[in-house]
């Protein structure tokens with residue numbers, strides 16, 4: 001299973017899907033790369049222009065509250081976000097992360113310790129977040145979730161499983 005390396009972008013509690021991807025674009029932008037240009041624009045105008053592949057969002061409680069729109073995950077993934085570490089996630093947002101192979105990890109201790117700009121390395125298999133401030137753990141991802149992330153999302157995972165079933 002993969003490792004994720006990047007720099008931290010830290011945000012607070014109750015960041016909702018409309019802040020992650022502004023609702024005004026919901027029905028006008030369909031291309032993920034175009035969505036990425038508007039990720040977090042009302043919360044952090046520098047994010048979309050400065051985020052790098054592998055960067056990690058660190059957030060407080062209830063990240064992704066609000067609507068069930070998948071664009072709030074798609075925009076971050078297309079922007080290059082490698083993972084989100086939070087104290088907690090809104091249930092539907094968490095599931096959308098899994099479906100789109102964006103690791104959503106719960107580690108309150110890491111959230112409390114990390115600051116914007118810190119460098120982190122996440123080992124999904126070991127359940128560790130390595131930082132200059134220490135090593136933090138998160139609950140192991142269930143086998144099915146690891147499979148979905150490794151496959152690149154729920155659709156590729158399902159196709160792979162169907163193909164395997166057809167082969168015998």
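The values are calculated or read from the model by the stated rules, or taken from the named source; none is laboratory data. Computed from a prediction, not measured in an experiment: that's the story for all the values here. A quick note on method: Cβ atoms are made from the backbone with ideal geometry, for glycine too, and the neighbour counts reach across all protein chains shown.
Couple of notes before you dig in:
- Scanning the stretch 86-105 for residues that are touching a strand residue (DSSP E or B) at 6+ places or on another chain (Cβ under 8 Å), under 22 Å from residue 151 (Cβ atoms) and not in a helix (DSSP H, G or I) returns 89, 102, 103, 104, 105.
- Residues that are more than 26 Å from residue 47 (Cα to Cα), over 16 Å from the mean Cα position of the chain (by Cα) and surrounded by 17 or more Cβ atoms within 10 Å (Cβ to Cβ), drawn from the stretch 134-168: 157
- Residue match in the stretch 124-133 (condition: over 16 Å from the mean Cα position of the chain (by Cα), in contact (Cβ under 8 Å) with a residue 60 or more places away in the chain and loosely packed, with under 15 Cβ neighbours inside 10 Å): yes
- Failed item, numbered, when residue 74 is tested on (1) assigned to a helix (DSSP H, G or I); (2) over 14 Å from the mean Cα position of the chain (by Cα); (3) crowded, with 19+ Cβ neighbours inside 10 Å: (2)
- Selected residue (only one of 131, 74, 26 is on the phi < 0 side of the Ramachandran plot and in contact with a strand residue (DSSP E or B) (Cβ under 6 Å, 6 or more places away or on another chain)): 131
- For the stretch 107-168, the helices (runs of 4 or more DSSP H) that sit wholly inside it and include 2 or more residues that are in contact with a helix residue (DSSP H, G or I) (Cβ under 9 Å, 6 or more places away or on another chain), at pLDDT below 90 and farther than 15 Å from residue 6 by Cα are 154-167.
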